[in-house]
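The values are calculated or read from the model by the stated rules, or taken from the named source; none is laboratory data. The structure presented is a predicted model; accordingly, all values stated were derived computationally and were not measured. Cβ placement follows ideal geometry from the backbone for every residue including glycine, while neighbour counts extend to all protein chains displayed.
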Amino acid sequence: MRLLTGNDLKTGAVTWWTGSDWSIHVEDAADVTGSEDETARREEAARRVNAPYAIDAEMQDGVPRPTHIKERVRTLGPTVRPDLTLKPAEPDLGNWVI
Amino acid sequence: MAELLRYRDDETVDHPAVTVDAFLDQSNASAVRIEPGDDARDLLPHLERLALVEVNFPAFGDGRGYSSARILREAGYDGELRAVGDVLVDQLAYMRRCGFDAFEPDQQLDKDDVQAAFERWPEVYQSAADDRTPIWTKRHA
Amino acid sequence: MYKYDQYDQAMVDARVEEFRDQARRRLEGKLTEDQFKPLRLMNGLYLQLHAYMLRVAIPYGTLDSRQMHALADIADKYDRGYGHFTTRQNIQYNWIKLEDAADILADLSKVEMHAIQTSGNCIRNISSDHFAGAAADEVVDPRPYAELLRQWSSFHPEFSYLPRKFKIAVIASDTDRAAMRLHDIGINIVRNDAGELGAAFYVGGGMGRTPMIAPCINDFVPLDRLVTYAEACLRVYNRYGRRDNKYKARIKILVHELGAEEYTRQVEEEFTLLLDQGVEPPFAELERVRTFFEDPLFEADASPDIDRSDPDFALWVDRNTVAHKADGYVSAVISLKPVGGIPGDATAEQMRLMADLAKDYSFDELRVMHTQNIVLPHVRKADLHALWTALDEAGLGAPNLDTVEDIIACPGLDYCSLANARSIPVAQRISERFAKTGKTETLGQLKLKISGCINACGHHHAGHIGILGVDRKGVENYQLLLGGSEAEDVSLAKITGPGFDEHGIVDAVETVTTVYEREREDGERFLDTYRRIGMNPFKEALYG
């Protein structure tokens, strides 16, 4: 599957296209296969996202998991500061990222 | 093409600008356009017959034209020096300092933004091709 | 320390308002991201993996306690309670919002700080010797020259859209503590046989994907021509540096392709023309700037004795203090490399503590080292025990300067959008391994530097041991390099062979240190042994 991601223009936060809006949680991301370019253009023009691009991902346990490690680090936060990630309470998250 | 911003009192030159190669071949041309890869110093023997030098910025990030402008001013050129092409409002103040006194941007610039750009810097740190006095000279005047 | 006058303050304040206006136009849609990007970069604002990142300039690495407190306050108010000290003596914050950026710059301007030209294709913050003004071996304090160049390069109208970034370092001693010859321009202030001061210019060094050591293009530029000569170096680069390929756009490629001799000829020609143009500041300005860097009032009878009865303290003194030009004083290094920690990170509380200790014990002055540690430059030997006690209680007492634990590491894939692999966890595992085996002390000086991609922010080319993270089909992989140095014995490290995974690289580092222990002769550092015996014994141990 393909996911559309970028950063929020104002806050810089990593965001994912849900099909109708942007979310900071990859669980909300929609498959954008076929519509990625058009959505990216429109949303960037509307300044709802900065520098959007599409990436490869696959469903794993009901959650899209980006194929490339860089995108998985982006998804949650720095592996060396679990306290600063989106899910600081989940100790096994490192295995999902790496 | 957007409106010409011009900060000179003399008449606008209406001759079309020719390339540097064409200019060097033609004895009668008085307007020339410098591309980023051209050597502005090729024009130095002919400054007396030049009334307009356009310096083209095909992409705003290519800063060679800033050096071209200063080189011409340092050599005593006092005709119109016009920045053309991908000229953005946030570059105007630096261009002015390098000796440009006219701007013909591809995209129309907001008048208020232009004014703000030229009024931005209360002082300058270094000397360039304008007549502003650098801070370090003022400190020891 | 240099203090702003009304002119400096007016310029920094104008810049804050300029950026506030630019950010507003971006948010309103008057600027596209392509147009805005170079503007925000010239104010140190990147878009990184997780958020915007702001890099704040610490000119020539010098700051006072008030400024360090302000950096701590920014970490708390706008970020997540910490900052990262960089290999160019700056600090960066990882969780910045675009809508806050102008307010942060305004806060900085209140303490005579800024983020001007900490990124972008312009002349970057000038770096210098972190022991400037304190080192026993310096010819003169290099910082007045760095400050003069700061002013010259700030908002330079001709050199703000260079082919690529441009980094200048200024030192003034035979010992190079600033990686001077790995900069676009390295300047060494020297004294000639007649006793006059001048500047030796080294141009075209750098790391990145094509590491090069800068050749000397002029061994003595008189100080009243310093700025004009720099201007000539930059003009030749701005006109002829490559713009067709960003990977070949640094000045090192121009100098290499033209040859140092031809580049020098062009600079001299331009220099001659510029001499008539009034580019040089009045010499009185250099005299004025110098007055800010006069020695503090060192006590003439400061005691040379240190009570070494506490062995932990004695080890820290041996490791982390450096000879000072004044009797009874040392420069003390605060390690930001606790075992298992993140190299160069400091919490807001740690910043405040360091600031307060600087005020109490170091004439209110701190320095940032390019090795991502902090220096208190002028500490009385008599105060060392109290200083160490306070540092140790705060987790800042690691006695590991220049050891295998004192690792330079770029932020890597944990933070950086350019990175291919993580750097920080590798540094953590290596320092943990050597702390556990107890070998840190016996290995002596061993400079280990890790970059998470070929851009080499972690200086891997200049490590006695270097590590380069690469992406091998989506998996992190680490190449090992040996034999680099950023110091006066500058050299570029060479790759040992095939790379390792994140566990293998830790073992590989241990393996090469074992070869060193076996082969070393009296007094040899790792680097010396490598230079004497060559790569082969290390390769055999690594790859069999």
Check: Quick check, is C:Ala419 away from chain A (no Cβ under 14 Å), crowded, with 18+ Cβ neighbours inside 10 Å and modelled with pLDDT of 95 or more?
Finding: no
Next item on the list: Among the strands (runs of 3 or more DSSP E) lying completely within region A:1-73, list those that include at least 3 residues that are of a type in the set (A, V, I, L, M, F, W, C) and closer than 23 Å to C:Asp471 by Cα.
Entry: A:50-60
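Only residues that are of a type in the set (Val, Ile, Thr) and either surrounded by fewer than 21 Cβ atoms within 10 Å (Cβ to Cβ) or modelled with pLDDT under 95 (or both): list them for region C:381-411, please. Step through it out loud before you land on a result.
First, the residues of region C:381-411 that are of a type in the set (Val, Ile, Thr): C:389, C:403-404, C:407-408.
Matches in region C:381-411: C:Thr389 only.
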Next item on the list: Go through region C:5-122 and tell me which strands (runs of 3 or more DSSP E), entirely inside it, have 1 or more residues that are within 14 Å of chain A (Cβ to nearest Cβ) and under 24 Å from C:Cys410 (Cα atoms).
Entry: C:45-47, C:52-56, C:82-85, C:91-96
Checklist line | Exclusive hit being in contact (Cβ under 8 Å) with a residue 12 or more places away in the chain and either surrounded by fewer than 21 Cβ atoms within 10 Å (Cβ to Cβ) or in contact with a Gly (Cβ under 8 Å, 6 or more places away or on another chain) (or both), set C:Leu71, C:Leu45, C:Leu49, C:Leu63 | finding: C:Leu71
Note to self: For region B:86-95, check the following and say yes or no: at least one residue is in contact with a Leu (Cβ under 9 Å, 6 or more places away or on another chain), in a loop (DSSP other than H, G, I, E, B), facing chain C (nearest Cβ under 10 Å) and under 22 Å from C:Pro282 (Cα atoms).
What the structure shows: no
Margin query: So C:Gly278 ticks every box in (1) free of Cβ contacts under 8 Å to residues at least 24 places away in the same chain; (2) surrounded by fewer than 11 Cβ atoms within 10 Å (Cβ to Cβ) but one. Which box is left unticked?
Written below: (2)
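Residues in region C:435-470 that are part of a loop (DSSP other than H, G, I, E, B), within 19 Å of C:Tyr516 (Cβ to Cβ) and out of contact with any Gly (no Cβ under 8 Å at 6 or more places or on another chain): how many?
Initially, region C:435-470 is screened for residues part of a loop (DSSP other than H, G, I, E, B), giving C:438-439, C:444-447, C:452-459, C:463-464.
The next check asks that each one be within 19 Å of C:Tyr516 (Cβ to Cβ); those that pass are C:438-439, C:444-447, C:463-464.
Still in the running and out of contact with any Gly (no Cβ under 8 Å at 6 or more places or on another chain): C:438-439, C:444-446.
So the count comes out to 5.
Based on this model, can you work out whether B:Gln108 counts as within 7 Å of another protein chain (Cβ to nearest Cβ) and either in contact (Cβ under 8 Å) with a residue 40 or more places away in the chain or outside any strand (DSSP E or B) (or both)? Give the derivation first.
Working: within 7 Å of another protein chain (Cβ to nearest Cβ): no; either in contact (Cβ under 8 Å) with a residue 40 or more places away in the chain or outside any strand (DSSP E or B) (or both): yes.
Answer is no for this residue.
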Check: Is at least one residue of region B:62-72 buried (at least 18 other Cβ atoms within 10 Å of the Cβ), in a strand (DSSP E or B) and either away from chain C (no Cβ under 14 Å) or touching a residue at least 24 places away in the same chain (Cβ under 8 Å) (or both)?
Finding: no
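Return yes when C:Ala249 is among the small types (Gly, Ala, Ser), surrounded by 20 or more Cβ atoms within 10 Å (Cβ to Cβ), within 13 Å of chain B (Cβ to nearest Cβ) and under 20 Å from B:Ser67 (Cα atoms) and no when it is not.
Considered against the rule, which asks whether it is among the small types (Gly, Ala, Ser), surrounded by 20 or more Cβ atoms within 10 Å (Cβ to Cβ), within 13 Å of chain B (Cβ to nearest Cβ) and under 20 Å from B:Ser67 (Cα atoms), C:Ala249 comes out as no.
So that you can scan it fast, the table gives a plain yes or no per residue for (1) farther than 20 Å from C:Phe220 by Cα; (2) away from every other protein chain (no Cβ under 14 Å); (3) free of Cβ contacts under 8 Å to residues at least 24 places away in the same chain; (4) not small (Gly, Ala, Ser):
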position: C:Val139; (1), (2), (3), (4): no, yes, no, yes
position: C:Arg164; (1), (2), (3), (4): yes, no, no, yes
position: C:Asp174; (1), (2), (3), (4): no, yes, no, yes
position: C:Arg177; (1), (2), (3), (4): yes, yes, no, yes
Next item on the list: Output yes when any residue across region C:328-349 is part of a helix (DSSP H, G or I) and within 26 Å of C:Tyr415 (Cα to Cα), and no when none is.
Entry: yes
